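Below: one structure, written as structure tokens.
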Amino acid sequence: MADSTVRPDVLGGLLIVDKDGGWTSHDVVAKSRKLLRTKKVGHAGTLDPMATGVLVLGVERATKLLGLLTLTTKSYTATIRLGQATTTDDAEGEVLTTTPATYLADDEIATQTAKLTGEIEQVPATVSAIKVNGERAYARHRAGEDVQLAARPVTVSRFDILARHDISDGNFVDLDVEVECSSGTYVRALARDLGAALGVGGHLTALRRTRVGPFTLEHARTLDELALAAEAETPLLSLGMDDAVRTAFPHRIIDAEEADSLRDGRWLEPIGIKGVHAALTEDGTAIALLEEKGKRAASVMVIRPRGLVD
């Protein structure tokens, strides 16, 4: 139970948005700032404009959480079109090649899909947000440059074909798939590489992110739903600070004396927890995020520092 003497508008929390297609992550942040009537809103990683689904936003003091969240795994549903390659590896790019694909057998597709599962080396899409000499790859691509990105290791823990649809108009094959992968994996690159391996080309026609770390569509609302909630003056945050911290981090329970120490910027004795973790009081109030180094469990973020209390 959160400390009632702490101003909730100062603490903030996480807003999980079910992003609509056509919106950039920056658009969603700007709209959320208006709905929440605060400039202190940031996102924990972008989602392509064509994609829909989970986008994690931090509000007020919770913006400081964003760089500490362990959002290393993500889940998607997507549709891959075999038989056509594009400049952007998705439906928004210009068509490079068109090759009949309906002759492909299911077992052949499954074999090549399996080769793109596990720990693989992947060349990111040229329209990715990766920086090349200080500038985003997509910006260089749009300026007409021939962008060459190096392959990097990613993990695709699941790449399952849910359904196949043969499209007679164009001799395409559309695959509905589910993907679970590490952060930094590009599903559009999976579509490109699957099509290339099958010799027919491929690109992404639909993408929906269903999970980022522990945050799922069950936590999320669309911007339209959030606008209605704002009009009704009902709470907009998906998770207050305490719930967000408990959901996102492992934790240790601390007593009142330890809580006072952390609030004043002091450190605690380590207890053997690896990585960033939360220090919670018995009632579940989040005091700080800690990381153990040597003989100290020191704060990487004090959530309720002395002076935040009215």
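The values are calculated or read from the model by the stated rules, or taken from the named source; none is laboratory data. In this text, all values refer to a predicted model and were calculated from it rather than measured experimentally. Neighbour counts are summed over all protein chains in view; Cβ atoms, including those assigned to glycine, are modelled from backbone coordinates with ideal geometry.
So the values come out like this:
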item: Matching entry among V10, V56 (being assigned to a helix (DSSP H, G or I), touching a residue at least 24 places away in the same chain (Cβ under 8 Å) and not basic (K, R)); result: V10
item: Condition met for L226 (closer than 30 Å to W23 by Cα and touching a Gly at 6+ places or on another chain (Cβ under 7 Å)); result: no
item: Residue among E233, E257, E269 that is among the acidic types (D, E), in the same structural domain as G13 (by TED's automatic domain parsing) and farther than 22 Å from L71 by Cα; result: E233
item: Test for K39: is it without any contact (Cβ under 8 Å) to a residue 12 or more places away in the chain and assigned by TED's automatic domain parsing to the domain that holds E231; result: yes
item: Matching residues, region 212-259, being over 25 Å from E282 (Cα atoms), part of a loop (DSSP other than H, G, I, E, B) and among the small types (G, A, S); result: G213, A220, A232
item: Yes/no for T79 being outside the structural domain of T222 (by TED's automatic domain parsing), at pLDDT 95 or above, surrounded by fewer than 21 Cβ atoms within 10 Å (Cβ to Cβ) and under 19 Å from L204 (Cα atoms); result: yes
item: Qualifying positions in region 105-127 - surrounded by 16 or more Cβ atoms within 10 Å (Cβ to Cβ), touching a Lys or Arg at 6+ places or on another chain (Cβ under 9 Å) and not hydroxyl-bearing (S, T, Y); result: I109, Q122, P124, A125, V127
item: Sole exception among (1) hydroxyl-bearing (S, T, Y); (2) surrounded by 11 or more Cβ atoms within 10 Å (Cβ to Cβ); (3) at pLDDT below 95 for T155, by number; result: (3)
item: Criterion: of a type in the set (V, I, T), under 16 Å from the mean Cα position of the chain (by Cα) and assigned to a loop (DSSP other than H, G, I, E, B) - qualifying residue of T46, T63, T77, T102; result: T46
item: Residue in region 158-189 that is farthest from S75 (Cα to Cα), counting only those that are in contact with a Gly (Cβ under 7 Å, 6 or more places away or on another chain) and in a strand (DSSP E or B); result: F172
item: G184 vs. criteria of a type in the set (G, A, S) and at pLDDT below 95; result: yes
item: Filter result for H219 (touching a Ser or Thr at 6+ places or on another chain (Cβ under 6 Å) and either surrounded by fewer than 17 Cβ atoms within 10 Å (Cβ to Cβ) or outside the structural domain of V177 (by TED's automatic domain parsing) (or both)); result: yes
item: Of residues in region 260-310 being of a type outside the set (G, A, S) and part of a helix (DSSP H, G or I), the one nearest to V10 (Cα to Cα); result: R263
item: Test: residue in region 225-235 that is surrounded by 19 or more Cβ atoms within 10 Å (Cβ to Cβ) and either over 30 Å from R306 (Cα atoms) or touching a Phe, Trp or Tyr at 6+ places or on another chain (Cβ under 7 Å) (or both); result: yes
item: Breaking point among (1) under 30 Å from D169 (Cα atoms); (2) touching a residue at least 24 places away in the same chain (Cβ under 8 Å); (3) among the β-branched types (V, I, T), for T46; result: (1)
